[in-house]
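The values are calculated or read from the model by the stated rules, or taken from the named source; none is laboratory data. The model shown is predicted, which means the values in this text are computed figures rather than measured ones. Quick reminder, even Gly has a Cβ in these numbers, built from the backbone with ideal geometry, and neighbours come from all protein chains shown. What goes into the accessible areas is simple: the full protein's heavy atoms, side chains included, and nothing from ligands, DNA or RNA. Shrake-Rupley method; radii C 1.70, N 1.55, O 1.52, S 1.80 Å.
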Amino acid sequence: RDLRMSRGLGDVYKRQECYNVFYGTLNFIIQREEIYMNRTALRETVFKVLFRYGFHDSESFASQMNLFFAEYPESGDEEENWPALDSKSAEEITGKVTDILCHIDEIDKVISEKSEGWDIDRIGKAELSIMRIAVYEILYDDNIENAVSISEAVKLAKKYGDEKAYGFVNGVLAKIVK
């Protein structure tokens, strides 16, 4: 076996295992890839799951999370920005979403306090979901630097939020870190 690590397109890590298979006198190489999402892809997928929370009550959200994974393209879809999903990544996504929801009241309280003049119900669902992830990382995840959490949240806000959302997200998160 020949194991090689490579970074693929910035969205996923690919571990390639090459096996030599001998069939008579012919030598075939069968290549199998195990896909591991990087933190950016994991965070974006967490956002996609958490975004659904804003439209459902707590009881029905579990079925929404199951539906999300059931609808997820089996091998991903790079054109639609859906990196391939392996079981390890699915466990990490589910764990992070569950942790965020366990702390949702504290997270929303912090967001509400720091977003002066903005009632939590007035904040766009995409922006709120993005900030919930970042605030969770800032308060409860010691493995991620605050600056990284803010930077990634701003990138997500530019991609999924209103045209001015990234400035609002950046401002609120900067107040939280101070």
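See the values below:
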| item | result |
| --- | --- |
| Matching entry among V154, V172 (being under 15 Å from E116 (Cα atoms), buried (at least 19 other Cβ atoms within 10 Å of the Cβ) and at pLDDT 95 or above) | V172 |
| Which numbered condition I144 misses (of (1) assigned to a helix (DSSP H, G or I); (2) open to solvent by 10 Å² or more (accessible area, probe 1.4 Å); (3) touching a helix residue (DSSP H, G or I) at 6+ places or on another chain (Cβ under 7 Å)) | (1) |
| Test: E80 is modelled with pLDDT under 75, more than 28 Å from D142 (Cα to Cα), surrounded by fewer than 19 Cβ atoms within 10 Å (Cβ to Cβ) and not aliphatic (A, V, I, L, M) | yes |
| All positions within region 122-141 that are under 16 Å from A165 (Cβ atoms) and either part of a loop (DSSP other than H, G, I, E, B) or in contact (Cβ under 8 Å) with a residue 60 or more places away in the chain (or both) | R122, I123, G124, K125, A126, L128, S129, I130, R132, I133 |
| Which numbered condition A165 misses (of (1) under 18 Å from Y53 (Cα atoms); (2) crowded, with 19+ Cβ neighbours inside 10 Å; (3) in contact with an Asp or Glu (Cβ under 8 Å, 6 or more places away or on another chain); (4) not polar (S, T, N, Q)) | (1) |
| Which listed residue, of I30, I93, I100, is more than 26 Å from I150 (Cα to Cα), among the hydrophobic types (A, V, I, L, M, F, W, C) and either part of a helix (DSSP H, G or I) or at pLDDT below 75 (or both) | I30 |
| Exclusive hit being open to solvent by 20 Å² or more (accessible area, probe 1.4 Å), basic (K, R), within 24 Å of S58 (Cα to Cα) and assigned to a helix (DSSP H, G or I), set K88, K109 | K109 |
| Qualifying residue in region 113-124 (condition: closer than 14 Å to V49 by Cβ and open to solvent by 80 Å² or more (accessible area, probe 1.4 Å)) | no |
| Set F47, F51, F55: member being in a loop (DSSP other than H, G, I, E, B) and modelled with pLDDT of 80 or more | F55 |
| Hits in region 58-68 (condition: closer than 23 Å to E152 by Cα and either modelled with pLDDT under 80 or open to solvent by 30 Å² or more (accessible area, probe 1.4 Å) (or both)) | F68 |
